[in-house]
Structures are given as C-alpha cells and as structure tokens.
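Accompanying notes for the structure given below.
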Amino acid sequence: MQQPYYTTPYLLSDALASRQGVALIVCVQKALAEREYYAGEIDGIVGQETETALFLFQMDLELNITGSINSATLEKLNIVTPEWFSQ
C-alpha cells in the first residue's frame, strides 16, 4: 500500500528550505532594486528580470558573471549568506 503524501518525512524540511529560498530571493530582488538594477516584481522568483539584474550587477562589480545568486554576489549586496546556502 502506498503511503499518503503527508507522511513523507522530508516534506516538512523541503517546505522550510523552499520558504528560506524564496525569502533570500526577495532580499536579493530588493537589494538589486535599491541599486536600480531590478525593476520587476518583488516575488521571490528568479525569472529573466532577476537573472539579468544579477548579471549586470556582477558585471559592474567585476564579479564572476553567472546571472545567479552566489556568496560573492550576496556579500556585495550586503546580504549575509545563510548557513544553509550552497552554490
């Protein structure tokens, strides 16, 4: 018999990680918006606008240009890298 989905032990930790990830993305979007790199919706989703803003920010600060969130970018945005964050 298949177990109901709500008894799977990793779902709670996955949900928590997801919320933490969204919160981090929101912080990044706000920080990029304050620096006039991002003009999109602050929604916690890394879409094309967020990637472009990250790319331009990284390029201007001569960081490794990835268009994604990484520790070096967080540091330059004055966002403390969470312990759970891995690149």
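The values are calculated or read from the model by the stated rules, or taken from the named source; none is laboratory data. Remember, it's a predicted structure, so these values are computed and weren't measured experimentally. Note that each Cβ is placed from the backbone with ideal geometry, even for glycine, and that neighbours are counted across all protein chains shown.
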Candidate set from the stretch 52-84 (those that are in contact (Cβ under 8 Å) with a residue 40 or more places away in the chain and exposed (fewer than 15 other Cβ atoms within 10 Å of the Cβ)); member that is farthest from the chain's Cα centre (by Cα): Asn78
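Rundown of residues vs (1) assigned to a loop (DSSP other than H, G, I, E, B); (2) surrounded by fewer than 16 Cβ atoms within 10 Å (Cβ to Cβ); (3) modelled with pLDDT of 95 or more, yes/no style:
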position: Pro9; (1), (2), (3): yes, yes, no
position: Leu24; (1), (2), (3): no, no, no
position: Lys30; (1), (2), (3): no, yes, yes
position: Thr50; (1), (2), (3): no, no, yes
Among residues of the stretch 28-56, those that are touching a helix residue (DSSP H, G or I) at 6+ places or on another chain (Cβ under 6 Å) and aromatic (Phe, Trp, Tyr), counted: 2
Answer from Ala39, Ala15 - the residue that is at pLDDT 95 or above, surrounded by fewer than 12 Cβ atoms within 10 Å (Cβ to Cβ) and of a type in the set (A, V, I, L, M): Ala39
Count of the stretch 52-87 residues which are assigned to a loop (DSSP other than H, G, I, E, B), touching a Leu at 6+ places or on another chain (Cβ under 7 Å) and among the small types (Gly, Ala, Ser): 2
